[in-house]
1. How large is the dipole of region 67-163 about the Cα centre if only Lys and Arg carry +1 and Asp and Glu carry -1, each at its Cβ, rounded to the nearest 20 debye?
2. Can you give the local net charge around residue 95? Use residues other than it whose beta-carbon is closer than 11 angstrom to its beta-carbon, Lys and Arg +1, Asp and Glu -1.
3. When the chain is fully extended, how far beyond the present Cα-Cα distance does residue 217 get from residue 83, taking 0.36 nm per residue of separation?
4. Based only on Cα atoms, what Rg/Rh ratio does region 167-259 have, Rh being taken as Kirkwood's radius?
5. Residue 225 to residue 123: extension gain in nm, 0.36 nm per residue of separation minus the Cα-Cα distance?
6. Which of the listed residues, 95, 140, 83, is farthest toward the dipole's positive end in region 79-160, when Lys, Arg count +1 and Asp, Glu count -1 at the beta-carbon?
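Quick note: the coordinates plus some simple rules give every number you see, no bench work behind them. If you're wondering where the values come from, they're calculated on a predicted model, not measured in any experiment. Cβ atoms come from the backbone with ideal geometry, glycine included; neighbour counts cover every protein chain shown.
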Amino acid sequence: MVPLVCLLFVVPFVAAGGHDNNDMMAMMQQQMMNMMAQKGWGNQMGGNGGGMGGGMGGESGDWWNAQNSDDYEAYQKWCAERTAAMEEQKQQQEMMKQWEETQAKRKMEVEREQHAKEASERKESMMAQWKMWQMRLNQQHEFDNLMGVFTELKHGYMFAVTMEFLKFCKCSDFTDELQRYFMHGDMSYQGGEDWDLDDLNGIDTTNAQAVAQAIANLPKVDQLKAFFGGLAGSMCEGARVYVARVKQLENQYKFLDHLM
């Protein structure tokens, strides 16, 4: 049978879960020694090894009789209270650990939600920017298409005006060149319908004084006709020079052969 004094030393540490608390052990040992000193139990443990045997032999202060004493009951109560206190401390530590783990998980969840929110906001911003760029590209394409249509209408109008203007020119000597160089879509130079605005009767149009004397006494309508006749004549001469230059370039580079 294990001696009682060993049990009294071992029980508190087993009940406390085996914690290595030097201060607690020292305090418990000191209390044990004080209690044994008050009861005279220490003499039963001392000596050269015979005290324990003597204590078990039936003396009035031996350990066996001490099991039924009030002091031993008080010590058992103290051990139970210490065990309960250690268990409560352990539970508090576990609760604190669980609370810390819960807080850590909550912090991680908050950070995860924050990152997800920021990623969602960045995605929405990128989508809004992309939609804006897409809208601008569509507007640019529409504008380019409208500009293409406008440019085509502009070229068609300019060609039609040029064809009408050429009717005031005497172009019979280079009709073939005009038909070759002046084309736009389905329109081309036709000729054959020339209008004569020359009412100066052969007066030298480079002589301003002669022209002024010729039209000074003419009616207003004839004066306007004469003015535009001179203007048309100057422009027709410019057109003749232009066609001659284009013909020269075409003979040199054959650009029409590459286009057709």
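1. On the way: 14 positive and 18 negative charges, 179 e Å.
Roughly 860 debye, rounded to the nearest 20.
2. On the way: positive: 90, 97; negative: 88, 94, 100, 101.
In short, -2.
3. Numbers: separation 134, 0.36 × 134 = 48.24 nm, distance 14.06 nm.
Extra length from residue 217 to residue 83 when fully extended: 34.2 nm.
4. Values: Rg = 17.0 Å, Rh = 15.4 Å.
With Rg and the Kirkwood Rh in hand, the quotient comes to 1.11.
5. Details: separation 102, 0.36 × 102 = 36.72 nm, distance 7.23 nm.
The span from residue 225 to residue 123 would gain 29.5 nm if fully extended.
6. 140
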